[in-house]
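Have a look at the structure below, then the notes.
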Amino acid sequence: MNRRSLLWTALSSAGAGLLASRANAVTADEKPPARLKVVYHLADADRVNFALGNIQNHFDGVGGPDNVTIALVVLGPALKSFALASTNPDITARIGKFAKAGLQLAACSNTMKAQDVTLDGLLPGFTIADRGGVVRIAELQSQGYLYIRP
């Protein structure tokens, strides 16, 4: 090995050592992440089970509902899946479980009018997004909620 190769190897090793020690210093000083706030946007009827699965995975992935705030805003064709008259038992059970865990459920007022649905006609736990579902999503985003559309 010639001198140039030895010098290059020595400098590279020293630089790698400095970078590694700096990386360790950064991670040692990091604070635990703040409690995340997430809003799920659900409009497609064929995505209801997928979205509910995502919410369950989200709760599981962060160690439970005590570690995350999740809102589900439902609008468009997806809202029919949460109507008492047409809901399947699996969706009813999952929504009941999520509502008890703190999931915030909001139904778009515009969709409710278009589908002639009242709050009493939806599964328990829903509130009305009075100014519309997309407005509610934007409001939540302005409050620091992260946006997810499964």
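All of the numbers you see were taken from the coordinates with simple rules; none came from a lab. Note that the coordinates shown come from a computational prediction; the quantities given were computed from them, not determined experimentally. Neighbour counts run over all protein chains shown; Cβ positions are idealised from the backbone, glycine included.
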For residue 120 and residue 60 in the same chain, what is the full-extension length gain: residue separation times 0.36 nm, less their Cα-Cα distance, in nm? 18.6 nm
Testing the spin-label approximation: label points 7 Å from Cα along Cα→Cβ at residue 80 and residue 50. State their distance in nm. 1.8 nm
Scoring only Lys, Arg, Asp and Glu (+1, +1, -1, -1) among other residues with Cβ under 15 Å from the Cβ of residue 44 yields +2
Going fewest to most other Cβ atoms within 10 Å around each Cβ, 149, 47 line up as 149, 47
Please report how far the C-alpha centroid of region 122-140 lies from that of region 47-104, rounded to the nearest whole angstrom. 14 Å
For region 36-148, what ratio Rg/Rh do Cα atoms give with a Kirkwood hydrodynamic radius? 0.94
State whether region 68-126 is rounded, prolate or oblate according to the following rule on the C-alpha gyration tensor (a ≥ b ≥ c being the square roots of its eigenvalues): a/c under 1.5 gives rounded; otherwise a/b larger than b/c gives prolate, and the remaining case gives oblate. oblate
